[in-house]
Amino acid sequence: MGEVFAGRYELIDPIGRGGVGAVWRAWDQRRRRYVAAKVLQQSDAHTLLRFVREQAVRIDHPHVLAPASWAADDDKVLFTMDLVHGGSLAHLVGDYGPLPPRLACVLLDQLLSGLTAVHAEGIVHRDIKPANILLESTGTGRPHVRLSDFGISMRKGEPRLTDANYVVGTPGYFAPEQMLGAEPDFPGDLFAVGLVALHLLTGSRPDAQSLIEHFAQHGTPEAPEDIAEPLWQVLANLLQPDPDLRFKTAAGARKALLAAAELLPEATIEDELVEVFDHIGPLPSGFGPNGPLRPRQPKQPKQPGAAPPAPASPPTSTPPPPMSAPPMSPPPMSPPPTSMSDTGSFPLAPPSSGLPAPQHPAAHAPGPEHTPSTGLPGAHTPGAHTPDAATPGAHTPGGHTPDAQQATPHQAAPQQPGPHGHPYAVPQPPTTPPTVPPARPHFHGSPPARPPATRPYTPGHQQPLPPAGRAAVRRHRALPQQRPGPPPKVAVPVIVVALLCIAFGIWALAAS
């Protein structure tokens with residue numbers, strides 16, 4: 001897979017190169033579609049300002065290919081636009097040579113339509129040439145033109161980024177007034193459209209300097225052999241060296257072109273069929289029409305009640321259960337009875353320990369009140385004065401708590417206590433036979449009063465917080481959590497671009 005730029009655009013393969021950056025085919029992970037991404041390769045302030053100016057162009061027109069979004073990642077910046085597959089007019093003329101006049105008029109009409117929308121935004125393109133006029137891959141159907149590359153475009157009235165003694169653009173497509181240092185204006189774009197029309201109709205790049213000299217010395221030249229007179233009158237108006245003699249707007253030039261196209265002869269069967277095919281090529285391995293091909297991990301179906309796979313090593317006859325000691329031979333004594341009693345409870349072994357079900361001792365006769373020692377610290381009986389063996393709430397009907405009797409009939413190995421005591425205490429067998437407590441004396445009337453219930457301190461047991469501590473805990477939990485800001489690799493480029501724009505605005509104000 002390709003490099004992911006700014007966490008959104010996955011660069012796939014390069015498809016072109018411009019003056020300040022390379023154009024990549026990329027996958028937009030947010031919009032789930034392929035786009036063309038122009039990546040800035042130079043990081044000087046002058047180039048960055050032009051890049052910012054270009055990405056700010058937002059023109060929604062079917063025959064204009066303007067930037068759609070931009071992103072920054074560390075010291076790299078890119079903007080994206082629609083992916084156009086059919087190459088440019090330069091590729092089309094290179095493949096077929098001179099184009100049929102009616103096809104050339106269709107292409108020029110769409111170009112002037114897009115240029116009308118650009119001029120309506122007050123933008124002068126300044127770099128109209130066949131390589132910047134792209135085509136959708138429509139095959140043998142009606143062609144579709146997209147005017148692109150606004151890298152050196154500018155709005156009328158904005159300060160220029162070039163020195164006073166320099167002109168920016170493509171040699172061979174400069175208007176005469178540009179070579180004289182005039183401010184960029186719409187007639188300069190129309191002069192370039194006339195040179196593009198000559199390129200389409202003749203199949204070769206025209207010599208702009210010779211045309212300018214011929215117009216200056218001999219006036220409007222005669223129509224070339226392969227260009228009809230009505231069409232040549234429109235092109236000659238576009239190629240006038242004096243900008244005051246050209247069409248004033250792209251819309252006016254388009255209207256004159258449509259009128260001349262109606263006077264052209266009908267296409268014949270001898271005219272070569274022109275096909276606009278895909279110039280980008282197939283997607284590389286790992287990508288499909290709907291995006292990257294992510295390998296899917298096969299899911300193993302779980303069968304209910306299926307036994308786990310047998311271990312590689314042969315199992316032992318008595319595997320040691322987890323969290324419990326290996327069983328040992330029972331002591332030579334009779335096991336406690338299996339009858340359950342309400343006078344006490346004991347901790348259950350973990351589900352995977354494999355221990356037998358716990359056994360409870362038989363009920364004892366009533367005896368004096370007694371405080372036993374248990375394996376689970378902190379367990380107590382509500383309403384009683386002594387902690388119970390394991391489970392809260394276990395007490396005798398007579399109001400006393402008996403000793404906790406161990407119910408496991410085998411000896412267990414000792415365990416190391418955890419941070420909070422034994423979470424699963426293993427019952428230990430008694431070392432001596434249980435003794436019957438002496439009979440409780442009988443009281444006439446109500447029994448004597450008991451001492452108040454107390455809770456002895458047990459090491460490792462979490463004591464309840466006082467009301468002030470509980471209020472502090474609630475206030476701490478209610479505090480709002482601070483949300484982290486954007487990562488530095490996103491924030492730094494944005495701040496740099498903002499500072500450059502501020503500096504540029506201050507400089508413009510000072511210059512004016």
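The values are calculated or read from the model by the stated rules, or taken from the named source; none is laboratory data. These numbers come from a predicted model, not from an experiment. All Cβ positions, even for glycine, are placed from backbone atoms using ideal geometry, and neighbour counts span all protein chains on display. Remember, those area values only see protein heavy atoms, side chains included, never the ligands or the DNA or RNA. Shrake-Rupley method; radii C 1.70, N 1.55, O 1.52, S 1.80 Å.
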*For residues in region 264-292 being without any contact (Cβ under 8 Å) to a residue 24 or more places away in the chain and open to solvent by less than 100 Å² (accessible area, probe 1.4 Å), which is farthest from the chain's Cα centre (by Cα)?*
268
_Exactly one condition in (1) touching a helix residue (DSSP H, G or I) at 6+ places or on another chain (Cβ under 7 Å); (2) under 21 Å from residue 172 (Cα atoms) is false for residue 97; which is it?_
(1)
*Quick one: which residue in 3, 10 is touching a strand residue (DSSP E or B) at 6+ places or on another chain (Cβ under 9 Å), over 20 Å from residue 152 (Cα atoms), surrounded by fewer than 19 Cβ atoms within 10 Å (Cβ to Cβ) and of a type in the set (Asp, Glu)?*
3
_Matching residues in region 242-293 - criterion: being modelled with pLDDT under 90 and not small (Gly, Ala, Ser)_ = 265, 266, 268, 269, 270, 271, 272, 273, 293
_Residues that are under 21 Å from residue 291 (Cβ atoms) and touching a residue at least 40 places away in the same chain (Cβ under 8 Å): does region 47-69 have at least one?_
no
*asked:* under 22 Å from residue 282 (Cα atoms) and either surrounded by fewer than 19 Cβ atoms within 10 Å (Cβ to Cβ) or not acidic (Asp, Glu) (or both): is that true of residue 138 in this structure?
replied: yes
